[in-house]
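The values are calculated or read from the model by the stated rules, or taken from the named source; none is laboratory data. Quantities reported herein were computed from a predicted structural model and do not represent experimental measurements. With ideal geometry, Cβ positions are generated from the backbone for all residues, glycine too; neighbour counts draw on all protein chains shown.
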Amino acid sequence: MNAIMQPGFWIFILTMSGIYGIFGLGLQVQYGVGGILNFGHVGMMALSSYTMAILVISHGINFWIAAATGVGVAALGGAFLGLTTLRLRGDYFAIVSIAFSEIVRYVIFNSDNITGGAQGSLAIPAIGEGYPSYTNAWDSIMNHMRDFLQPIFGDIVNREFVMALTIWSTLAVLLLIVSRIERTSWARVLRATREDDEVPAALGKNVFRFRLQAVIIGSILGGIAGIYWALESTLLSADDFLTIVTFYGWMILILGGATKVKGLPFAAIFFGFLYGGTRFFTFWPFSMVDSAQRAYIRIMIIGVVLIILMMKRPQGIFGKRQEMVLE
Amino acid sequence: MNNLILEVNDVAISFGGVRAVNGATLNVAVDSVTSVIGPNGAGKTTLFNLISGAIKPDSGTILFEGMEIQNLLPHKIADRGIIRTFQGAKVIKRLSVLENLMLGGQDNPGDSLLNFFNPKARNAYEARTRDRAMELLQQIGIERFAHEYAGILSGGQRKLLDLARALMANPIMLLLDEPFAGVNPTLVEKLLEVLQDLRTKHHLTFLLIEHDLETVMNISDRVIVMAEGRVIADGAPNSIYQNQAVIDAYLGTRKATS
Ligand SMILES: Nc1ncnc2c1ncn2[C@@H]1O[C@H](COP(=O)(O)OP(=O)(O)O)[C@@H](O)[C@H]1O
Ligand SMILES: [Mg+2]
């Protein structure tokens, strides 16, 4: 219980909720506006983080270029998924997208010479005598920011604090951009395609183009989340990108109200609390199970919350009910 | 030069065993009002689906302004100026009535993500489109619902919205699938006025499917009769009344059912 009193606990929760908030924002564009069921979103996170790590560790490329390339590869992953599958019916896209992210994970797991395989990023072959780390450049930025902020805000400012602050600033900027995008006529067309293909097409709108762009934008957001995930965890492993992670994003989306972005940051914090908090469920009745099993309790709680939400408030905590249920 | 805007040549499509359109040939003159009539299941809506590109024909060609369009995607055909409405009317239920109309705007700079960084162009276009849409809503008398979800509209109101949305798209040729069915008679009068007005001002060509023979005879320059996927008669409205094939296939069944 003590841990909950520590600022470090809350900073950890903020960091996680920020990363998953960015991740969920990608799904918001795709599903909340475009009605596209993407269950392979975690694949974009895997693509960006591993691309960045490999470019830095194996090729000594500047962190910023590597990170931008990582996000670019995530966007390409989205484009590939969209070009091959978006012309199919929505439910096929959902199935293929899961397969996509699982394939990405298997390829990462089995490409020992490039990705480090089962041993994760620690086994990515480094250039020269280098230690396989991709966080050096980022660490020095974080340390500079810490040294700058500490005299102003006091001892609470440590590396983790600066990280949380950076991630939430990024989320705030992205929320602003996405909410602007969602006020354009582009988004209006995309909203129409959520319901019907024939009407927008009969009015001269290339439905496929709008959907593809939505998938790519969402993938870029997933890619950005992947970079932060890599920086936060400092080590990467193929197991970080299980399909369950996609559903963390879905939980935030549904909790916040899929059709609008304004509930998303609150839902992200709620999720972060579940995600980070459950590992401190060491009290009764959770004390009756061991820690490995407790990890599953987290997933179960998230599942139960999702089910209750779908039944009681399909529009999420902040969403507009009519926009979900109108027939 | 000919003055045909649309030429449908020997077009056929089957669904499984059903030959929905079975070698239909017809054409439409520029600036005219042409009505398609025929019993249920004659293939009229399928013909519209073929012209608008929603489905591709098994055989035959469709020419619009002299160019083949039967292999184009629907949005490309719409770009050329053929805009359709849907039988029973289709509205986007979870967009507002106004947004439904604004969806019809053509060449909207805001439809391109690149123009995200050009808010001036986007906003100017949006403002113009909004004014135009509100004007149309007033004309069809549903402006009080402008900001409601279209899903709350009644069947008749949805028809009006579908029609107005098609007008928003600056059509050259309008395909209207039973636009007046289920709309109250005074409103039909008004709609006919609106359409007549458009026709004289903008040189619109109309191809419409309509069941009410009196309306058809009043507004059409030409009537095409379909039955079992074929065109069985084609001519001036009064000549259709006297055509024996029409009486057998269409007017006959009407009598039999009434
Ligand atoms: N997509 C489709 N799949 C199968 N059959 C269809 C389809 N569209 C139309 N049909 C069939 O084609 C025939 C013509 O239908 P339709 O064009 O809707 O007639 P109309 O509009 O003249 O009443 C009907 O027998 C109908 O059942
Ligand atoms: Mg029909």
Item to check | Elements of type helices (runs of 4 or more DSSP H) contained in the stretch B:8-107, each with 2 or more residues being more than 14 Å from ligand 1 (Cβ to nearest atom), under 30 Å from B:Ala124 (Cβ atoms) and within 14 Å of chain A (Cβ to nearest Cβ) | outcome: B:74-80, B:97-102
Next on the checklist: If I filter the stretch B:41-70 down to residues being within 16 Å of ligand 2 (Cβ to nearest atom) and of a type in the set (A, V, I, L, M), which single residue comes out as surrounded by the fewest Cβ atoms within 10 Å (Cβ to Cβ)?
Outcome noted: B:Ile55
Checklist entry - Is there a residue in the stretch B:145-153 that is in contact (Cβ under 8 Å) with a residue 40 or more places away in the chain, at negative phi, charged (D, E, K, R) and more than 9 Å from chain A (Cβ to nearest Cβ)? => result yes
Checklist entry - Pick from A:Gly26, A:Gly40, A:Gly21: which is farther than 21 Å from A:Arg180 by Cα and at pLDDT 95 or above? => result A:Gly40
Checklist outcome for this item: Those residues of the stretch B:160-208 which are within 16 Å of ligand 2 (Cβ to nearest atom) and either in contact with a His (Cβ under 9 Å, 6 or more places away or on another chain) or among the small types (Gly, Ala, Ser) (or both) amount to B:Glu178, B:Phe180, B:Ala181, B:Gly182
Item to check | Residue among A:Tyr92, A:Tyr31 that is in a helix (DSSP H, G or I), free of Cβ contacts under 8 Å to residues at least 12 places away in the same chain and farther than 22 Å from A:Ser233 by Cβ | outcome: A:Tyr92
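To keep it simple, each residue is scored yes or no on (1) facing chain B (nearest Cβ under 9 Å); (2) small (Gly, Ala, Ser); (3) part of a loop (DSSP other than H, G, I, E, B).
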position: A:Val199; (1), (2), (3): yes, no, no
position: A:Arg211; (1), (2), (3): no, no, no
position: A:Ser219; (1), (2), (3): no, yes, no
position: A:Gly223; (1), (2), (3): no, yes, no
position: A:Leu235; (1), (2), (3): no, no, yes
position: A:Thr246; (1), (2), (3): no, no, no
Checklist entry - (1) among the charged types (D, E, K, R); (2) in contact with a helix residue (DSSP H, G or I) (Cβ under 6 Å, 6 or more places away or on another chain); (3) within 12 Å of chain B (Cβ to nearest Cβ); (4) part of a helix (DSSP H, G or I): which one isn't true of A:Lys205, the others all being true? => result (4)
Next on the checklist: Could you check the stretch B:113-132 and list, in sequence order, the residues that are more than 7 Å from every other protein chain (Cβ to nearest Cβ) and under 21 Å from A:Ala214 (Cα atoms)?
Outcome noted: B:Leu114, B:Asn115, B:Phe117, B:Asn118, B:Pro119
